[in-house]
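Below is one structure; the comments refer to it alone.
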Amino acid sequence: MIRELGYSSPLFGTFMTESSLLSTQQVSDILNVSSSTVKRWVDEGRLQAVKTIGGHRKIHACDLLRVVREQHWNHVNVGPIEELLGTQNQNFCPDQTVFKFHEALTKGNQEQIRTILLESYHGGIPVNEIGDQIICPAMNQLGQEWSRGQVEIFYEHHSTQGVLASLMEIRRHLIETIRPPENSPLAIGGGPEKDHYILANLLVELVFLQSQWRVINIGPNTPVASLDKAFREKSPKIVWVSATHLAEPDTFLTDMKAFRTVVEQSGGELVIGGQGVPRTILDAIDLPWRGTNLTALNQHIRVLFPVGQPPRRGRPPGKTAAG
Ligand code: B12
């Protein structure tokens, strides 16, 4: 999606500067594709961009870096992009970030939680990696400390609110900047009844948004009858169920087996994940696709609905070294 330059987001002011905006020519040099390809990708919504008063498309370095990382375009030299962002030689180090993030969680330091998550996102880390490599391990550690009586339960509540608030900011940014194409598929999902956890379903929603899907996140504590109604009414390509806590595993198994049949008979796909679903239950439901984290989910939905082709190696025909 193209935003007007000068649009200054009150949410992201501290994380985005105009000095890290790239022209389509600069992006074409970095990706080794023609600048018309870059313009087309911007117009198709594959690359996020802003528009100058003169009508030129400008791509923010962090949005470019995120696409390169997320699409695994490993042969692209990200050095110039990182230089613009001031992150060169400070490669994303999950261990260090998790350490700082966990510290912020245990202290209930909302500002620090926000800074780490938004800086990661605006440093070009895809949301699936933010979920798998930062939030999940730090929350896991917090949970272990809670179970050993080392952390008060109110820190878990308070920190979850901080993570939720930051993820909602990222969600707003994705909604404002990613324009799903006309043929974009729909995903619907939520958590099972009596599961009140909010983060995993929100992260799943962000992964779909990032990949240009249309999404309806029904949220936690959703009776399977409601999910079934939503499926019949909206006909999504994918229905997801994410469970952090399974109150009634036997009922869940029976319900999901029946729901799988309903979904597949209408040409849809059911995907189930989350730390609350034991392997034995997944084995018994026996879905065609199974993944344990958000990065696997991201790859799966990219196969179903590919966005952006990897840049070709070498310069496109007719393009000289001088560009
Ligand atoms: C925050 C938290 C809470 C908060 C929840 C706030 C909220 N509204 O969300 C509060 C304080 C309310 C809470 C309450 C309880 N909690 Co609690 N909680 C946690 C904690 C610390 C974090 C959960 C979280 O959000 N994690 C982050 C998410 C993103 O991680 P994730 O779920 O693993 O998701 C990842 C993958 O599973 C995967 N994924 C997720 N969904 C999907 C979907 C698909 C399709 C795919 C492919 C992948 C996928 O990708 C994600 C990213 O990598 C966990 C510790 C932990 N290990 O996570 C304990 C934990 C889950 N809680 C636990 C317990 C025991 C409880 C209570 C029973 C405590 C009590 N006695 O009251 C209650 C029960 C609440 C209930 N009825 O549901 C235990 C569960 C133990 C167990 N196995 O049964 C844990 C593990 C803590 C522990 N170590 O003991 N909790």
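The values are calculated or read from the model by the stated rules, or taken from the named source; none is laboratory data. Computed from a predicted model, the values in this text were never measured in an experiment. FYI the Cβ positions are ideal-geometry reconstructions off the backbone, even for glycines, and counts take in every protein chain you see. Just the protein is used for accessible areas: all its heavy atoms, side chains included, with ligands, DNA and RNA removed. Shrake-Rupley method; radii C 1.70, N 1.55, O 1.52, S 1.80 Å.
Some observations on this one:
- Working from Cα pairs under 8 Å separated by at least six residues, relative contact order for segment 186-304 is 29 percent.
- Excluding ligands, DNA and RNA, the accessible surface per residue across the chain is 48 Å² with a 1.4 Å probe.
- Per atom type, the chain shows carbon and sulfur on 51% of its accessible surface, probed at 1.4 Å.
- Cα-based shape type of the chain, given that a ≥ b ≥ c are square roots of the gyration tensor eigenvalues and the cut on a/c is 1.5: oblate
- Under 15 Å from the Cα of residue 58 - aspartates and glutamates, other chains or at least 8 residues apart: 4, 18, 29, 43, 44
- Shape call, segment 164-218: gyration tensor on alpha carbons, a/c limit 1.5: oblate
- Neighbour-limited loop hits for trypsin sites (Lys or Arg not before Pro), segment 136-238 (at most 13 other Cβ within 10 Å; DSSP other than H, G, I, E, B): 148
- Look at the alpha carbon pairs under 8 Å that are at least 6 residues apart: their mean separation over the length of the chain gives a relative contact order of 17 percent.
- For the chain, share of DSSP beta bridges that run antiparallel, in % to the nearest 5: 20
- Label positions at residue 196 and residue 245, each projected 7 Å from the Cα along the C-beta direction, are separated by 0.7 nm.
- Long-range amide H partners of residue 22 with built H, under 5 Å: 59, 60, 61
- Spin-label pair residue 148/residue 293, simplified geometry with 7 Å Cα→Cβ offset, distance in nm: 2.2
- Looking at segment 118-211, the GluC sites (Glu not before Pro) that sit in a DSSP loop and have at most 16 other Cβ atoms within 10 Å of their own Cβ are 152, 182.
- Eligible lysines near residue 229 by straight Cα distance, threshold 28 Å, same-chain separation 8 or greater: 194, 237, 257
- Computed over segment 94-177: relative contact order in percent, which uses C-alpha pairs under 8 Å that are six or more apart: 42
- Segment 208-310: chymotrypsin sites (Phe, Trp or Tyr not before Pro) in DSSP loop, at most 15 other beta carbons within 10 Å: 289
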